[in-house]
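This report concerns only the one structure given below.
Every read-out reported here was derived from the displayed coordinates using simple, explicitly stated rules and does not represent laboratory data. Just so it is clear, the model here is predicted, and its values are computed rather than measured. All Cβ positions, even for glycine, are placed from backbone atoms using ideal geometry, and neighbour counts span all protein chains on display.
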Amino acid sequence: MGTMTSIVFLFVCWTIKDNLKIPDTRGKYVFITGCDSGFGNLLAQRLHKKGFSVIAACLTEKGSDELKACTSQNLKTVVLNVTNAESIDNAVTYVAEETGSKGLYGLVNNAGRATPIGPTDWLDMEDFHKVLNVNLIGLIEVTIKFLPLLKKGSGRIVNVASVMGRLAFGGGGYCLSKCGVESFSDSLRRDMQHFGVKVSIIEPGFFKTGVTNLEIIEKDLHRLWNRLTPEIRYAYGDKYFDNYLKVQRLSMKTLCSSDISKVTNCMEHALTARYPRTRYGAGWDAKFFWLPLSYAPAVVADVMLKIMLPQPNGIKNSVAKNQVDV
Ligand SMILES: NC(=O)c1ccc[n+]([C@@H]2O[C@H](COP(=O)([O-])OP(=O)(O)OC[C@H]3O[C@@H](n4cnc5c(N)ncnc54)[C@H](OP(=O)(O)O)[C@@H]3O)[C@@H](O)[C@H]2O)c1
């Protein structure tokens, strides 16, 4: 067989394997975090339609009521704040009662937040904690506490990371948290394979949802900019903040896809395929730009991002200011 024929043969075999499905979704319990909006909300509705027994965790009562209003009684909701240990314990108790001897088939760790996000020297420790506590520590605590139910159900864990966990830009806890989710999921997958629990990672590019809501991001950026010391603000220069907002608006407008089903399709595959993949890049920008760029030498990514992002006046201004002070 020639090389080309072998490649085609392997691709066909992989495609067939990738398309094999689990025989039945009925009576399989899936627990999803962060279902008030975005990916989690859509996934809950779609799995519910597919016949899964969905338990959708929402951060707020309002989110829970709205989701219940557009689904049937088969979809159950719980209120869950992933940063609160007692709230997680209550959710585990509820799910244990609902699932009984079957155990849990799926856990989708989807809850997350992006702000505060901005240049690193604009941030303090509390800003980092706010994001890390939800996206990483919360995800780990939820996972550990649900593991006995998942082992019982020979279940699957689907962790939502991000392309920003593979290529870090934009300071703050977001990239760190998503990089942590990648690492936690890799070790979890290797540890849990012995117990029949499978782990998949979703790496979405940019999508129009709550975490990319410019109103929320810009409001928080104003808070950060307004509390900067005069020295730091001077080093960035007068025009920097406005340029930053302009570039961010333009790049979000260009990059963010409104078709969030590209992400929920990956989550569904991870739950319904007989052989779920380890990683899913979701969205064209993820597949053809961010993920390939993450494999490139750091200098290539540094130059690309330098071109894309606004430049502070930087050292020139700092030196000038120091000379004036002296
Ligand atoms: N959109 C993107 O471009 C993108 C790209 C890569 C990865 N992601 C990841 O995808 C996941 C889902 O986000 P999304 O894009 O669908 O945005 P979203 O609509 O904001 O969904 C995130 C959900 O998590 C909830 N949440 C926030 N803090 C929580 C907490 N402490 N406990 C429990 N739930 C909490 C939010 O509730 P409230 O709405 O009430 O705050 C919201 O329902 C996140 O992990 C995000 O980081 C998103």
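Under a Cβ-only charge scheme (Lys and Arg +1, Asp and Glu -1), can you give me the dipole magnitude of the chain about the Cα centre, in debye to the nearest 20?
Values: 39 positive and 30 negative charges, 232 e Å.
Roughly 1120 debye, rounded to the nearest 20.
Counting other beta carbons within 10 Å of each residue's own, what order do PHE184, PHE52 fall into, fewest first?
The fewest-first ordering by Cβ neighbours comes to PHE184, PHE52.
Please report, largest first and rounded to whole Å, the three semi-axes of the ellipsoid equivalent to the stretch 1-142, where each semi-axis is the square root of five times an eigenvalue of the C-alpha gyration tensor.
They are 32, 26, 14 Å, listed from largest to smallest.
Of all the Cα-Cα pairs you can form in the stretch 117-171, what percent are over 13 Å apart?
70
Given H placed on each backbone N at 1.01 Å, which residues far from PHE169 in sequence or on other chains put an amide H within less than 5 Å of it?
Result for PHE169 returns nothing.
Residue by residue through the stretch 160-173, which ³J(HN,Hα) values in whole Hz follow from phi under the Karplus form 6.51 cos²θ - 1.76 cosθ + 1.60 (θ = phi - 60°), with glycine and proline marked x?
Once rounded to whole Hz, the list reads 8, 9, 5, 4, 6, x, 9, 9, 8, 7, x, x, x, x.
For SER257, what residues show an amide H to amide H distance below 5 Å, using hydrogens built from the backbone and excluding near sequence neighbours?
Residues meeting the amide H criterion: PHE206, PHE207, LYS208.
Cα gyration tensor of the stretch 76-227, axes a ≥ b ≥ c as square roots of the eigenvalues: rounded (a/c below 1.5), prolate (a/b > b/c) or oblate?
prolate
Quick check on the exposure proxy: order PHE39, PHE128, PHE169 from fewest to most C-beta atoms within 10 angstrom.
The order, fewest Cβ neighbours first, is PHE169, PHE128, PHE39.
Using +1 at the Cβ of each Lys and Arg and -1 at the Cβ of each Asp and Glu in the chain, identify which of ILE140, PRO119, ALA56 lies farthest towards the dipole's positive end.
My answer, from the dipole projection, is ALA56.
Let me make sure I get this right: for the stretch 208-247, a, b and c are the square roots of the gyration tensor eigenvalues over alpha carbons, sorted descending. Under 1.5 in a/c it's rounded, otherwise prolate if a/b > b/c, else oblate. Which is it?
Here the stretch 208-247 falls in the oblate category.
Let's test this: bin the Cα-Cα distances of the stretch 161-243 at 10 Å from zero up to the farthest pair and state each bin's percent.
P(r) over the stretch 161-243, rounded to whole percents: 14, 32, 28, 15, 8, 2.
Given the Cα atoms of the stretch 191-326, and with Rh set as the inverse mean 1/r over their pairs in the Kirkwood sense, what is Rg to Rh to two decimals? Don't skip to the answer; put the middle values down first.
Details: Rg = 20.6 Å, Rh = 18.3 Å.
My calculation of the ratio gives 1.12.
For a quick check: sort MET267, MET192, MET4, MET304 by the number of other beta carbons within 10 angstrom, fewest at the front.
Result, fewest neighbours first: MET4, MET304, MET192, MET267.
Please list 3J(HN,Hα) in residue order for the stretch 146-152, calculated via the Karplus relation 6.51 cos²θ - 1.76 cosθ + 1.60 where θ = phi - 60°; whole Hz, with x for glycine and proline.
8, 4, x, 5, 6, 5, 4
Place +1 on the Cβ of every Lys and Arg and -1 on the Cβ of every Asp and Glu in the chain, take the dipole about the Cα centre, and give the residue among PHE11, PHE289, LEU188 whose Cα lies farthest towards its positive end.
Farthest towards the positive end: PHE11.
Please work out the ratio of the alpha-carbon Rg of the chain to 2.2 N^0.38 Å and round it to two decimals.
1.11
How would the stretch 75-145 be classified by its alpha-carbon gyration tensor: rounded, prolate or oblate, with rounded meaning a/c under 1.5 and the a/b versus b/c comparison settling the rest?
Because a/c hits 1.5 or more and a/b exceeds b/c, the stretch 75-145 counts as prolate.
Determine the relative contact order of the chain: mean sequence separation of Cα pairs under 8 Å and six or more apart, normalised by residue count, in whole percent.
18
Report for the chain the percent antiparallel among DSSP-assigned beta bridges with both residues inside it, nearest 5.
On the way: 2 of 27 bridges.
Of those bridges, close to 5 percent are antiparallel.
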